[in-house]
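Accompanying notes for the structure given below.
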Amino acid sequence: MNASEDQLSDAALVAAIADGDRRAFDDLYARHVAWLVVRLSRRCADSGLVDEVVQDTFVAVWRGADRWAGRGEVAAWIWGIGIRRLIDRRRSRPRDTLPWLEPSAAEPSAEELVLLGVQYGDLGAALRQLSPELRAVVQATILDGLTTREAGRLLGIPAGTVKTRMMRARAQLREELS
């Protein structure tokens, strides 16, 4: 057991959540909400949207705890849910309603500009040319910021396969963007 005998591991908490244990959910939420808010805030300046995504993420954790495969870190699983929710929310918003396009809004972060480029620019078109397998690896490692090992766990493939697919994706992207 970890530092405290009465403190359950994240994996044990997820298993308890799958059985409907509300206290386990509260404990998991308390452990992970702060870093999730910080990481999502680095990718999106709209604090209201970040709050919505965090809420959606933990609702998904509650509803999907029984589907967690038990492989990898629970934090990587939560992050994968959160970043996908953020990207989906940003894609579903009309471009003219994005808060940083209003004169009084804060400047977009570099990550927000990259995400806009991914969606609307040449990079987005190049990414859409990739196979779904290569695109998933690029999203997990580059856009979501996961390590090779975390991406492998998230995608259910070996870390070596992640590296190989990333190498192929880079080569195809270079060709598309040149």
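Can we say residue 69 is of a type in the set (A, V, I, L, M) and under 25 Å from residue 142 (Cα atoms)? In short, yes. Restricted to helices (runs of 4 or more DSSP H) entirely inside region 9-65, those with at least 1 residues that are closer than 19 Å to residue 146 by Cβ and of a type in the set (Lys, Arg) are 22-41. In the set (1) crowded, with 17+ Cβ neighbours inside 10 Å; (2) modelled with pLDDT of 90 or more, the condition left unmet by residue 72 is number (2). Among all positions in region 51-61, there is no residue which is within 22 Å of residue 143 (Cβ to Cβ) and touching a residue at least 60 places away in the same chain (Cβ under 8 Å). Counting only residues that are β-branched (Val, Ile, Thr) and exposed (fewer than 14 other Cβ atoms within 10 Å of the Cβ), which one in region 38-69 is farthest from residue 155 (Cα to Cα)? Checked region 38-69; the qualifying residue farthest from residue 155 (Cα to Cα) is 38. Summed over region 120-166, the residues that are among the small types (Gly, Ala, Ser) and over 12 Å from the mean Cα position of the chain (by Cα) give a count of 9.
The values are calculated or read from the model by the stated rules, or taken from the named source; none is laboratory data. These figures come from a predicted structure and were not determined experimentally. Every residue, glycine as well, gets a Cβ built from its backbone with ideal geometry; the counts of neighbours run over all protein chains shown.
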